[in-house]
Amino acid sequence: MRIGTYQLENNVIVAPMAGITDRPFRQLCRRLGAGLAVSEMLSSNPLVWKTEKSMNRMDHSGESGIRAVQIAGADPELMAQAAQFNVTNGAQIIDINMGCPAKKVNKKLAGSALLQFPGLVEEIIDAVVSAVDVPVTLKIRTGWDQDNRNGVEIARIAERYGIASLAVHGRTRACMYKGEAEYATIRDIKRSVSIPVVANGDITSPEKAKQVLDYTGADAIMIGRAAQGRPWIFREIDHYLRTGEHLPVPPIEEVRGILMEHLVNLHAFYGEPMGARIARKHVSWYLQTHDSDGQFRRVFNALDNPQAQIETLEQYFKTLAAN
């Protein structure tokens, strides 16, 4: 899998997820087998670039691998400026968001709302690609709703205006995250363009990854929600795609090590009290299968001190190991 001049280590990619794919999570996924990790969505509005949230999202200091930054907006000129700003800040790939279904994004005509306006899609892509000397990628959905699945049309626009790689989530905007992803449109898109196509949506296991790649002919897959609390899914999928064999389930001691590493890095990255607050959702995802009744997570979610979180988790894992 190549994106412009960049050769990825494999074809398993971390999807950009707002509030999730911060630097600690990206680095962890990369270490555990992801070929590329795309940053959280950044607004093209320069008025918010100096806010704490945006500064955190732009932070790629010391990050290994290819630095891919996703930008969102509806104004071609502002999107071009945002692309230039992020390249100056170290971005090696710029990704355009035309897939986010969130209402607060769509009401500004950004994200997947843009799929309703192919002319504006053309303008934005042309402006961004012309503004920077790095590869520009695009993430879309299959269309606006079931009656307006125009993914093939958008894909052809993307190719015509210089997009280096196209990621497609197998749902329309109207679907949000409900129901099951469909891959027929992704297959049609792959057959319609010559640029690399990345399949996304409901890929939760190595077998599903292979099925989707075989069915769609896509060049790579993108994993989002399935990696929450399970960042080792990237090595599992990569290993299966290469060998046809399953890696063993990580032992509880390794899960403990990965979770503690993630926790400490979140504390260090965000500081107090934000680091402890953000850690809660990640810990909840990691422990879903172990803490089935949610009793421990309720205790953990009441903690706002980093050291208390660490000590409580260590004790929890000691109890798990003893049982």
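The values are calculated or read from the model by the stated rules, or taken from the named source; none is laboratory data. What you see is a predicted model, and the numbers here were worked out from it, not measured in a lab. Using ideal geometry, Cβ is built from the backbone for each residue, glycine included, and neighbour counts are taken over all protein chains shown. Just so you know, the surface numbers come from the protein's heavy atoms only, side chains and all, with ligands and any DNA or RNA stripped out. Shrake-Rupley method; radii C 1.70, N 1.55, O 1.52, S 1.80 Å.
When DSSP beta bridges are limited to those with both residues in the chain, what percentage is antiparallel, rounded to the nearest 5?
In the chain, approximately 5 percent of DSSP beta bridges are antiparallel ones.
Arranged from highest to lowest average of other beta-carbon atoms within 10 Å per residue, in what order do the peptides 30-40, 303-313 appear? Could you put the intermediate results ahead of the total?
Working: 30-40: 22.5, 303-313: 16.3.
In descending order of packing, they fall as 30-40, 303-313.
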List every residue whose amide H lies under 5 Å from the amide H of VAL38, counting only residues 5 or more places away in sequence or on a different chain, with H placed 1.01 Å from N in the peptide plane.
VAL14
Top to bottom by accessible area (1.4 Å), largest first, where do TRP232, TRP285 land?
TRP285, TRP232
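So for the chain, averaging the separation of alpha carbon pairs under 8 Å that are six or more residues apart and normalising by length, what relative contact order in percent results? It would help to have the intermediate numbers written out before the result.
On the way: 606 pairs, mean separation 44.7, N = 323.
For the chain, the relative contact order is 14 percent.
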Can you list the residues of the stretch 251-278 with backbone N under 20 Å from a point 7 Å past the Cα of ASN323, pointing along Cα to Cβ?
251-260
Work out how much length THR88 to ARG277 would gain on full extension: take 0.36 nm times their residue separation and subtract the Cα-Cα distance, in nm to one decimal.
64.9 nm
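What is the percent carbon and sulfur in the accessible area of the stretch 103-230, measuring with a 1.4 Å probe over the protein chains and ignoring ligands?
Working: 2480 of 5340 Å².
Summing carbon and sulfur atoms, their accessible area is 46 percent of the total for the stretch 103-230.
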Can you tell which of TRP285, VAL136, ILE125 lies farthest toward the positive end of the dipole of the chain, using +1 and -1 charges on the Cβ of basic and acidic side chains (Lys, Arg; Asp, Glu)?
TRP285
Placing +1 on the Cβ of each Lys and Arg and -1 on the Cβ of each Asp and Glu in the stretch 158-275, which of ILE195, ILE223, ALA158 has its Cα farthest towards the positive end of the resulting dipole?
ALA158
When all protein chains stay in place, what accessible area (Å², nearest 10, 1.4 Å probe) is found for ASP293?
90
Residue by residue, what Karplus-based ³J(HN,Hα) values in Hz, rounded to whole numbers, does the stretch 292-304 have, using 6.51, -1.76 and 1.60 with θ = phi - 60° and x for Gly and Pro?
4, 8, x, 5, 5, 5, 5, 5, 4, 5, 8, 8, 10
Once amide H atoms are built 1.01 Å from N in the peptide plane, which residues 5 or more positions from SER165, or in another chain, come under 5 Å H to H?
LEU138
Of (i) -0.66; (ii) -0.57; (iii) -0.72, which is the value of log10 I(q)/I(0) by the Debye sum over Cα atoms at q = 0.10 Å⁻¹ derived from the coordinates here?
(ii)
Show VAL255, VAL48 ordered by accessible area, largest first, where the area counts protein heavy atoms only and the probe is 1.4 Å.
VAL48, VAL255
With θ taken as phi - 60° and the coefficients 6.51, -1.76 and 1.60, list the Karplus ³J(HN,Hα) couplings across the stretch 155-165 in order, rounded to whole Hz; mark glycine and proline as x.
4, 5, 4, 4, 5, 4, 9, x, 5, 8, 7
Tell me the per residue accessible area of the chain using a 1.4 Å probe; a whole number in Å² is fine.
43
Once all protein chains are kept in place, PHE85 shows an accessible area at probe 1.4 Å, nearest 10 Å², of 60
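Could you give the dipole magnitude of the chain about its Cα centre, charging the beta-carbon of Lys and Arg +1 and that of Asp and Glu -1, in debye to the nearest 20? Don't skip to the end; give the middle numbers.
On the way: 37 positive and 36 negative charges, 87 e Å.
So the magnitude is around 420 debye.
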Point-to-point label distance, GLU311-ARG31, nm (Cα→Cβ direction, 7 Å offset)
2.5
Measure off 7 Å from each Cα along the Cα-to-Cβ vector at ASP126 and GLN288, then give the distance between these two points in nanometres to one decimal.
4.3
Given 0.36 nm per residue, what is the gain on full extension from ASP304 to GLN211 after removing their alpha carbon distance, in nm?
29.2 nm
Pop out the ³J(HN,Hα) list for the stretch 10-17 in order, Karplus 6.51 cos²θ - 1.76 cosθ + 1.60 with θ = phi - 60°, rounded to Hz; leave Gly and Pro as x.
7, 10, 10, 10, 7, 5, x, 9
